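Student: Structure in structure tokens, see below.
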Amino acid sequence: MCGIVGFVGKRQAAPILLDGLSKLEYRGYDSAGLAIRNGDEPAEVVKSKGRLKVLSEKTDNGNALIGNCGIGHTRWATHGEPSRTNAHPHVSGNCTGTGSGEVESEVVGVHNGIIENFKELKEKLMKHGYLFYSQTDTEVVIKLVDYYYKKYTHSPQEAIAKTMVRVRGSYALCLMFKSHPGEIWVARKDSPMIIGISDGETYVASDVPAILKYTRNVYYIGNLEMAKLTPGEVTFYNLDGDVIEKELTEIKWDAESAEKGGYEHFMMKEIHEQPKAITDTLNSLIKDEKIDIDSIGLSNDEVRNISQIYIVACGSAYHTGVVTQYVMEDIAKIPVRVELASEFRYRKLLLDKNGLVIIVSQSGETADSLAALRLAKDKGIKTLAIVNVVGSSIAREADNVLYTLAGPEIAVATTKAYSAQLIAGYLLAIQFAYIKNEIAEEYYKNLIKELYTLPQKIEKVLEDKERIQWFVAKQANAQDVFYIGRGIDYAVCLEGSLKMKEISYVHSEAYAAGELKHGTISLIEDGTLVIGVLTQSELYEKTVSNMVECKSRGAYLMGLTSYGHYEIEDTADFTVYIPKTDEHFTASLAVIPLQLMGYYLSVSRGLDVDKPRNLAKSVTVE
Ligand code: G6P
């Protein structure tokens, strides 16, 4: 996590860096800092604890810091508590207390990632007279670069290369050297970083939205590579110091999609962007009424050979995997296991050689998902990534990639990327079923047609959002919420419950409806809100019975079902209906009211919807 930015060019750097950081706050927001250079003068470092706002106020929105070259950081603490001292940038000088020793420092830098062997390196550096003022692993790297810089040839490239060989872990590093004004040096391993370029100006950032306003032309820097940034130019090097050539890529996302566009929060804007995310993802894969999986590099023969699918992901991406499992097994008749990436990577895996490992990730940078992908590749299993961020690590390393076209997602709680991932799962299931002759041509065509109706059906659910807002206002003091459902409805519950707890801090649990009576039902008290999701006709009656069991113990019931099932009102105290669709696709509709519930409860409690406490959008640490 953490967001880093850098700029060197013609304009004043600090306002541009602060603006970039504001787009990266989703990556961490417990402290922030800037280091700005004015010509040959040493860097001026300003840091503050708390949100970026504090730093902006302190620097008059950056206007108080003069200079055309600089780096910045927004932090999500890993080593060392959130504090001004632990905030980045860090400096190589032996300053004490506040970390403002930039005048005597050769190196100043910001870092995203984790240096695993920082303790051992710290001891080594202390023996060489380095003193440490912070608890961070970053300060160790900065001082190590300084150590190699002074020990060898005073070349930033060599000092960074030696550091890269010496450290273990992950990093996106952005450095400035006092003796090299007008230059920013960057290095990367396993943490995201892109470099943007426009006329006479160069940018670096952890993610595209930070620079989208200024340029769409970017370079992706590879693992174990470094680069020198000067105004309007970039030179890339490998670890041996050889210059390497890179291709410029044009980002298709428009700048507006990274702005709030009149909505109070990114989350609400992104909830409303779900119809578009779905349409765009469908259009990218459906050609002439057929799903074109050739474009993602899977041949029909390869599909016929798949004997087992492993879907591996974290968080909401994992929840979409659970939906895909039900759909895939039902229509394509391929066995599917859904695995949490953090578990998958450490299990003694018995992977089927004819298996397909599907990694699902919005960011394409989640550390556990990336590690799971590498593990599968090491074991010689074919891999397919479902990813939203073009050029991300997972997208680049997987054998095949299916891009979801949700556009940039800024709110920490995912909505539109989740919806686009569901679509990706449906499309794979339908096409695999078709290739394996498990479904007839007519049904195949009908399923595709039905997918195209989902955006408009989501609009319909959204039209009714005030009703949900009204209901949620009455629940503002809820302590516990339970979500129950079976099959696909259970998968939806997992996501609904996560949306509730992550942004409104209300304890919630998702339970397979039949499992409740094996323990959790003891938690139901007078007035406890239980939400039953009932979109699967075959399982409808069963879930109703489980809801009744809760009601007899005092629960207050909400039913979420499709239009037509009006008899639910005999049981539930409050009902939300979604339009009818093929039952394989109901998750796409049922999740919408649940996203809205999380959102409205968070707003009614006065919480920071887009940046919930303790969380980060992209989890690039284990
Ligand atoms: C974080 C986010 C979740 C997301 C998960 C996986 O926890 O807050 O919204 O589902 O990471 O992220 P990914 O980028 O791999 O989809």
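Student: Could you run through the stretch 367-414 and say how many residues are open to solvent by 10 Å² or more (accessible area, probe 1.4 Å), within 9 Å of the ligand (Cβ to nearest atom) and closer than 19 Å to Arg337 by Cβ?
Tutor: 1
Student: Could you check how many residues of the stretch 325-341 are more than 10 Å from the ligand (Cβ to nearest atom) and under 11 Å from Val360 (Cα atoms)?
Tutor: 3
Student: Could you please let me know if Gly355 is away from the ligand (no atom under 16 Å from the Cβ), open to solvent by less than 20 Å² (accessible area, probe 1.4 Å), at pLDDT 95 or above and touching a helix residue (DSSP H, G or I) at 6+ places or on another chain (Cβ under 9 Å)?
Tutor: Yes.
Student: Separate question: Kindly provide the set of residues from the stretch 600-621 that are away from the ligand (no atom under 13 Å from the Cβ) and either touching a Leu at 6+ places or on another chain (Cβ under 7 Å) or open to solvent by 10 Å² or more (accessible area, probe 1.4 Å) (or both), ordered by number.
Tutor: Within the stretch 600-621, Tyr600, Val603, Ser604, Arg605, Gly606, Leu607, Asp608 qualify.
Student: How many residues does the stretch 453-477 hold that are surrounded by 14 or more Cβ atoms within 10 Å (Cβ to Cβ), touching a strand residue (DSSP E or B) at 6+ places or on another chain (Cβ under 9 Å) and not aliphatic (A, V, I, L, M)?
Tutor: Going through the stretch 453-477 one residue at a time, the tally reaches 5.
Student: Gly196: farther than 13 Å from Ser393 by Cα, in contact (Cβ under 8 Å) with a residue 12 or more places away in the chain, not in a loop (DSSP other than H, G, I, E, B) and not basic (Lys, Arg), yes or no?
Tutor: Yes, satisfied.
Student: Any residue in the stretch 394-414 that's more than 20 Å from Ala277 (Cα to Cα): show its pairings with residues that are in a strand (DSSP E or B) and open to solvent by less than 10 Å² (accessible area, probe 1.4 Å) at Cβ separation under 6 Å, as long as the two are six or more apart or on different chains.
Tutor: Ile394/Ile359; Ile394/Ser361; Ile394/Ala385; Ile394/Val387; Ala398/Thr383; Ala398/Ala385; Asp399/Thr383; Asn400/Leu384
Student: Counting only residues that are at pLDDT 95 or above and of a type outside the set (Ser, Thr, Tyr), which one in the stretch 381-393 is farthest from Thr281 (Cα to Cα)?
Tutor: Out of the qualifying residues, it is Ile381.
Student: Just checking, how many residues over the stretch 17-57 are open to solvent by less than 10 Å² (accessible area, probe 1.4 Å), more than 15 Å from Ala205 (Cβ to Cβ) and not aliphatic (A, V, I, L, M)?
Tutor: Going through the stretch 17-57 one residue at a time, the tally reaches 5.
Student: Let me spell it out: the conditions are (1) more than 30 Å from Gly364 (Cβ to Cβ); (2) at pLDDT below 90; (3) not aliphatic (A, V, I, L, M), and Pro612 meets all of them except one. Which number is the exception?
Tutor: (1)
Student: Sticking with this one: Please state which of the following conditions Gly606 fails to meet, knowing it meets all the rest: (1) out of contact with any helix residue (DSSP H, G or I) (no Cβ under 8 Å at 6 or more places or on another chain); (2) closer than 30 Å to Gly425 by Cα; (3) not in a helix (DSSP H, G or I); (4) not aromatic (Phe, Trp, Tyr).
Tutor: Among (1) out of contact with any helix residue (DSSP H, G or I) (no Cβ under 8 Å at 6 or more places or on another chain); (2) closer than 30 Å to Gly425 by Cα; (3) not in a helix (DSSP H, G or I); (4) not aromatic (Phe, Trp, Tyr), Gly606 violates only (2).
Student: Working only within the stretch 199-232, note down all residues that are surrounded by fewer than 21 Cβ atoms within 10 Å (Cβ to Cβ), among the β-branched types (Val, Ile, Thr) and not in a loop (DSSP other than H, G, I, E, B).
Tutor: Selection gives Thr230 alone.
Student: Taking Leu298, is it over 21 Å from Glu397 (Cβ atoms) and either surrounded by 14 or more Cβ atoms within 10 Å (Cβ to Cβ) or in contact (Cβ under 8 Å) with a residue 60 or more places away in the chain (or both)?
Tutor: Here the answer is no, as Leu298 does not meet what is asked.
Student: Quickly run through the stretch 534-562 and pick out the residues that are in a helix (DSSP H, G or I) and among the basic types (Lys, Arg).
Tutor: Correct list: Lys542, Lys551.
Student: If you scan the stretch 284-295, which residues turn out to be loosely packed, with under 13 Cβ neighbours inside 10 Å and of a type in the set (Asp, Glu)?
Tutor: Asp288, Glu289, Asp294
Student: For the stretch 69-84, what are the residues that are of a type outside the set (Lys, Arg) and crowded, with 21+ Cβ neighbours inside 10 Å?
Tutor: Listed by number, the residues that qualify are Cys69, Gly70, Ile71, Gly72, His73, Thr74, Trp76.
Student: Would you confirm whether any residue within the stretch 251-269 is in contact with a strand residue (DSSP E or B) (Cβ under 8 Å, 6 or more places away or on another chain) and either of a type outside the set (Val, Ile, Thr) or open to solvent by less than 60 Å² (accessible area, probe 1.4 Å) (or both)?
Tutor: yes
Student: Could I ask something else about it? Please find, among Ile503, Ile531, the residue that is in a helix (DSSP H, G or I) and either of a type outside the set (A, V, I, L, M, F, W, C) or open to solvent by less than 40 Å² (accessible area, probe 1.4 Å) (or both).
Tutor: Ile503
Student: Output yes when any residue across the stretch 236-248 is of a type in the set (Ser, Thr, Tyr) and over 25 Å from the mean Cα position of the chain (by Cα), and no when none is.
Tutor: Yes, there is a match, as at least one residue in the stretch 236-248 is of a type in the set (Ser, Thr, Tyr) and over 25 Å from the mean Cα position of the chain (by Cα).
Student: In the stretch 563-598, which residues are out of contact with any strand residue (DSSP E or B) (no Cβ under 6 Å at 6 or more places or on another chain), open to solvent by 10 Å² or more (accessible area, probe 1.4 Å) and part of a helix (DSSP H, G or I)?
Tutor: Tyr566, Glu567, Asp570, Glu583, His584, listed by residue number.
Student: Okay, next question. Looking at the structure I just gave you, is Glu247 in a helix (DSSP H, G or I), modelled with pLDDT of 90 or more and acidic (Asp, Glu)?
Tutor: no
Student: Hey, does the stretch 271-286 have a residue that's touching a residue at least 60 places away in the same chain (Cβ under 8 Å), assigned to a loop (DSSP other than H, G, I, E, B) and under 15 Å from Ala420 (Cβ atoms)?
Tutor: Looking through the stretch 271-286, at least one residue is touching a residue at least 60 places away in the same chain (Cβ under 8 Å), assigned to a loop (DSSP other than H, G, I, E, B) and under 15 Å from Ala420 (Cβ atoms).
The values are calculated or read from the model by the stated rules, or taken from the named source; none is laboratory data. As the structure is a prediction and not an experimental result, all values here were calculated from the model. Reconstructed Cβ throughout: ideal geometry from the backbone, glycine too, with neighbour counts over all protein chains shown. Ligands, DNA and RNA are excluded from the accessible area calculation, which covers all protein heavy atoms including side chains. Shrake-Rupley method; radii C 1.70, N 1.55, O 1.52, S 1.80 Å.
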